[in-house]
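Beneath this line is the structure, given in C-alpha cells, with notes to follow.
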C-alpha cells in the first residue's frame, strides 16, 4: 500500500529552510511537490515524497541539520488528545506504550518494537517500505521526533545508553550533531534503527505527567481564529485514532468543554460543524489524491463502517465515495 502523510509535519519547513538561506519552494519543485503542501491548512503527500524532500534538504550544504530541527519543532499541543491516556500512566513503561501507539498512528507504515534484555531496553523502528527505513534523512527524523516527544513528556532527565542507525556513518563533522542531540554513543551500520536505555527506567514512577502539558496549553492565545485552527489541527491528528470528542479536543487546547462551546457559540460556530468540515476535507483529499481503499478511508476519517461514510459522502458531495474518487478537486469545490 502506498503511504501518505499529513502536511502538518512540514509546518515549520518553510521557516527553517529560509533561516538556512534555502528556498523551500525550489526544493519542493525539485521533488515534484506542489507548493500548496506548505500553504494549505490540510493536505496530504506521499510518504515517499516526504522522505525524498528530507533527503534533498539534507543534501544541501546549508541544510544538513534541518531534518533534525524539523522533527523537534512539533508543538506540545499535538499531544493534547493524549491527556486522558497519559493521566492513567503510573510509570515510564506505561507511558512508552501510549507514545508508541501515538507515533505509529501519525507516521503511516511505521512499526515500533520494544525489546527488553537483562541489561538493555531497546525501542526499535521498522517500516513497511524498505527504502524508507534505510534512508538516513528519515532515520534522523524518526529518532529526533521520538526523542523530542520523550523529552517533552517524561519529567526526569532521560539518558540514552546508545542510538543505532542502520545507515552508513556520515562525515565525522556531522556526527557531532547527533551527539549534541542524544548525548550518548552513536553506532552506525546496525541491523535496526533504535534507541537504547537501561531497563531500570521502565519502573520509574511518573506523577502529574500531564500538568506541564496542561499548563502550556492553557497559556496559549485565546483569539477565536487561533482556537478554531488548533481544533482543526487536533481533529486532523486524532481522526484515525478516534480522539476527536469535544472533551479530548478541549483538553488539547487547555479549555474546559463548556468554555470552548461558549467561545464557539459566540462566533455562531459549534464543535460538530468544525469536526464535520475537517472530516469532509480529509475525505476529499484521501479520495481524490490517494490510492487508499474506500473502507480504509472511512476508518481514517473516523467512521467505523463504510455505510455511514457513504451516507456522509452523499451529504457532502452529492455522490458516493467511488464517484468522488473519479472527480477532480476543482469539480468538488464548485
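The numbers here are math on the coordinates, done by the rules we state, and not lab data. The structure displayed is predicted, hence computed values, not measured ones. Neighbour counts run over all protein chains shown; Cβ positions are idealised from the backbone, glycine included.
Points to keep in mind about this one:
- Separation in nanometres of the label points that stand 7 Å from Cα toward Cβ, at residue 162 and residue 35: 4.7
- Helix 92-106 axis, angle to the chain major axis (alpha carbon atoms, nearest 10°): 50
- Radius of gyration (Cα atoms) of the chain, expressed as a multiple of 2.2 N^0.38 Å: 1.03.
- Extension gain, residue 101 back to residue 306 (0.36 nm per residue minus Cα-Cα distance, nm): 71.4 nm
- With a Förster radius of 41 Å applied to the C-beta separation of residue 20 and residue 319, the computed FRET efficiency comes to 0.35.
- Entry note, the stretch 220-333: relative contact order of 22 percent, from Cα contacts under 8 Å with a spacing of 6+ residues.
- Rel. contact order, % - alpha carbon contacts under 8 angstrom, at least six apart, the chain: 17
- Compared with the dominant principal axis of the Cα atoms in the chain, helix 271-289 is inclined by about 70°.
- Largest-first ellipsoid semi-axes for the stretch 220-333, taking √(5λ) over the Cα gyration tensor eigenvalues, angstrom: 28, 14, 12
- Against the chain, whose longest principal axis is taken from its Cα atoms, helix 172-182 shows a tilt of about 70°.
- Under 20 Å from the residue 291 label point (7 Å along Cα→beta-carbon), backbone N, the stretch 15-56: 31-34, 44-53
- Kirkwood hydrodynamic radius over Cα pairs of the stretch 1-60, then Stokes diffusion coefficient at 37 °C and 0.692 mPa s, in µm²/s: 283
- Per-residue ellipticity at 222 nm, computed for the chain from helices alone with -39500 (n - 2.57) per DSSP H run of at least four residues, works out to -15500 deg cm²/dmol.
- With 10 Å bins from 0: P(r) over the stretch 1-139, alpha-carbon pairs, percent: 10, 36, 34, 16, 4
- Per-residue Cβ neighbour counts within 10 Å put 16, 28, 202 in the sequence 202, 16, 28, beginning with the fewest.
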